[in-house]
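Written out below as structure tokens is the structure these notes cover.
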Amino acid sequence: MNNKLAERETAGSRRSLKPQNHLIDFSSNDYLGFARSEELKNKILQEVALNPQSFNGSTGSRLLSGNLTYAEELEQQIAAYHQSPAGLFFNSGYDANIGLFSSLPQKGDTIICDELIHASIIDGARLSFANKYTFKHNDLASLEGKLKQAKGVCYVVIESVYSMDGDTPDILSILNLTEKYGAHLIVDEAHAVGLYSAGLVNHLDLQHRVFARVVTFGKALGSHGAIVLGSTVLRDYLINFARSFIYTTAASFHQLASIKMAYIFLKDAEARIDTLHKNIAFFKQQLNTGAACHLPASDSAIQCLILNSNSEAKQMAEKLQQSGLDVRPILSPTVPKGMERIRICLHSFNTEKEIAMLCDTINKIINEN
């Protein structure tokens with residue numbers, strides 16, 4: 001390893017690959033338990049068995065040998081579920097955001113992102129030739145200031161549930177502001193689907209006013225991949241210009257079957273979603289951090305304790321793991337220095353006893369310090 005790589009590795013040692021399969025899950029994005037569902041697994045296997053002509057792999061990109069009628073019909077079904085005219089599959093949420101933001105905005109256009117937007121959106125925007133601005137997190141005045149500077153076609157980008165703080169923007173007010181300045185709103189719904197059956201945009205009945213949405217399948221849906229929802233014109237454009245769609249092998253039939261069955265489960269997931277919301281409320285009731293650390297306002301499955309340093313976040317995570325609880329630290333530079341934290345993900349399958357154990361352990365650790 002050369003010196004430069006060694007320096008980067010040392011800086012990157014804040015992160016590590018650490019499986020914790022034997023611990024109680026408070027870290028995964030499997031909000032509704034679909035990823036671990038034996039019933040869903042069996043339904044997927046049945047769907048594959050019903051299509052014996054399907055291949056193990058897709059054999060190529062969708063523009064060559066990898067396209068299937070099954071895939072196109074499934075795109076239409078999912079778009080209809082989210083009340084969108086059309087949708088296009090990508091192999092991951094990262095690929096979806098890379099493809100969308102690198103190809104859609106042109107030179108002379110403007111992309112305005114919330115400062116806490118996901119890295120995949122930042123990377124996609126960097127690959128475009130558009131002007132790029134960020135506005136203060138969930139700050140309408142800051143957004144309006146950037147809208148006044150925008151040139152060309154303007155795209156404003158937010159998440160409906162932010163992946164690190166778990167909070168939610170005022171989507172209606174942001175939408176009213178973007179429409180005032182003739183800008184297009186794009187919403188990443190990765191962490192909202194499952195918390196709301198079709199995402200927060202649908203929950204607020206704003207789907208007909210939002211230019212595009214990104215829905216991922218690797219979180220509450222327990223599968224893999226993503227879909228960009230929008231107009232048929234947008235779908236056709238991405239097919240022709242989104243490089244992360246054009247130049248990659250298509251999803252396998254098994255992956256498509258997994259997505260299809262997960263959506264069938266999602267349609268009947270009201271009880272799981274209700275339990276998830278109850279677990280979130282129970283966690284917030286049981287936690288008693290006082291002034292020792294900051295708990296950002298969040299009504300989502302993502303709850304964070306801000307601990308202000310990598311060492312404190314690591315120490316708390318290690319103590320929780322030693323108590324049988326799978327909670328991970330989020331360290332700088334993933335989050336800004338001074339905003340280091342432990343990130344807690346709640347699920348419909350977590351019991352009240354498990355959540356009480358988590359909260360009691362956190363309260364005890366904080367009191368000891």
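The values are calculated or read from the model by the stated rules, or taken from the named source; none is laboratory data. On a predicted model such as this, the values are computed, not experimentally measured, just so you know. Counting neighbours? That spans all protein chains shown, and the Cβs are built from the backbone with ideal geometry, glycine included. Ligands, DNA and RNA are stripped out before the accessible areas are found, and what is left, the full protein with its side chains, is counted by its heavy atoms. Shrake-Rupley method; radii C 1.70, N 1.55, O 1.52, S 1.80 Å.
If you scan segment 38-68, which residues turn out to be of a type in the set (Gly, Ala, Ser) and either outside any helix (DSSP H, G or I) or in contact with a Leu (Cβ under 9 Å, 6 or more places away or on another chain) (or both)?
Scanning segment 38-68 gives 54, 57, 58, 60, 61, 65, 66.
Return yes when residue 56 is open to solvent by 40 Å² or more (accessible area, probe 1.4 Å) and either modelled with pLDDT under 95 or of a type in the set (Ser, Thr, Tyr) (or both) and no when it is not.
no
Return only the number of the condition from (1) crowded, with 23+ Cβ neighbours inside 10 Å; (2) modelled with pLDDT under 95; (3) aliphatic (A, V, I, L, M) that residue 164 does not satisfy.
With respect to (1) crowded, with 23+ Cβ neighbours inside 10 Å; (2) modelled with pLDDT under 95; (3) aliphatic (A, V, I, L, M), residue 164 is out only on (1).
So that you can scan it fast, the table gives a plain yes or no per residue for (1) of a type in the set (Gly, Ala, Ser); (2) farther than 23 Å from residue 194 by Cα:
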| residue | (1), (2) |
| --- | --- |
| 35 | yes, no |
| 40 | no, no |
| 57 | yes, yes |
| 97 | no, no |
| 110 | no, yes |
| 123 | no, yes |
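Checking residue 230 against (1) open to solvent by less than 10 Å² (accessible area, probe 1.4 Å); (2) more than 22 Å from residue 39 (Cβ to Cβ); (3) in contact with a helix residue (DSSP H, G or I) (Cβ under 8 Å, 6 or more places away or on another chain), which single condition isn't satisfied?
(3)
Could you please give the count of residues in segment 130-173 that are without any contact (Cβ under 8 Å) to a residue 40 or more places away in the chain and not charged (D, E, K, R)?
17
Run residue 99 past the list (1) open to solvent by 10 Å² or more (accessible area, probe 1.4 Å); (2) at pLDDT 95 or above and report the number of the one that doesn't hold.
Checking residue 99 against (1) open to solvent by 10 Å² or more (accessible area, probe 1.4 Å); (2) at pLDDT 95 or above, the one that fails is (1).
Mind checking which residues of segment 31-50 are open to solvent by 30 Å² or more (accessible area, probe 1.4 Å) and either touching a residue at least 12 places away in the same chain (Cβ under 8 Å) or of a type outside the set (A, V, I, L, M, F, W, C) (or both)?
35, 36, 38, 39, 41, 42, 43, 46, 48
Give 131, 202 a once-over and let me know the one that is closer than 30 Å to residue 346 by Cα, open to solvent by 10 Å² or more (accessible area, probe 1.4 Å), of a type outside the set (Val, Ile, Thr) and in contact with a strand residue (DSSP E or B) (Cβ under 8 Å, 6 or more places away or on another chain).
Only one candidate passes the filter, namely 202.
Given the conditions (1) of a type outside the set (A, V, I, L, M, F, W, C); (2) at pLDDT 95 or above; (3) open to solvent by 70 Å² or more (accessible area, probe 1.4 Å), which single one is not true for residue 21?
Answer for residue 21: the failing condition is (2).
I'd like the residue in segment 139-151 that is touching a strand residue (DSSP E or B) at 6+ places or on another chain (Cβ under 7 Å) and part of a loop (DSSP other than H, G, I, E, B) and, out of all such residues, is most open to solvent (accessible area, probe 1.4 Å).
Among residues in segment 139-151 that are touching a strand residue (DSSP E or B) at 6+ places or on another chain (Cβ under 7 Å) and part of a loop (DSSP other than H, G, I, E, B), the one most open to solvent (accessible area, probe 1.4 Å) is 151.
Between a residue in segment 76-97 that is part of a helix (DSSP H, G or I) and any residue that is open to solvent by 70 Å² or more (accessible area, probe 1.4 Å), which pairs come within a Cβ distance under 9 Å, given they are 6 or more apart or on different chains?
79/85; 81/267; 93/118; 94/118; 97/118
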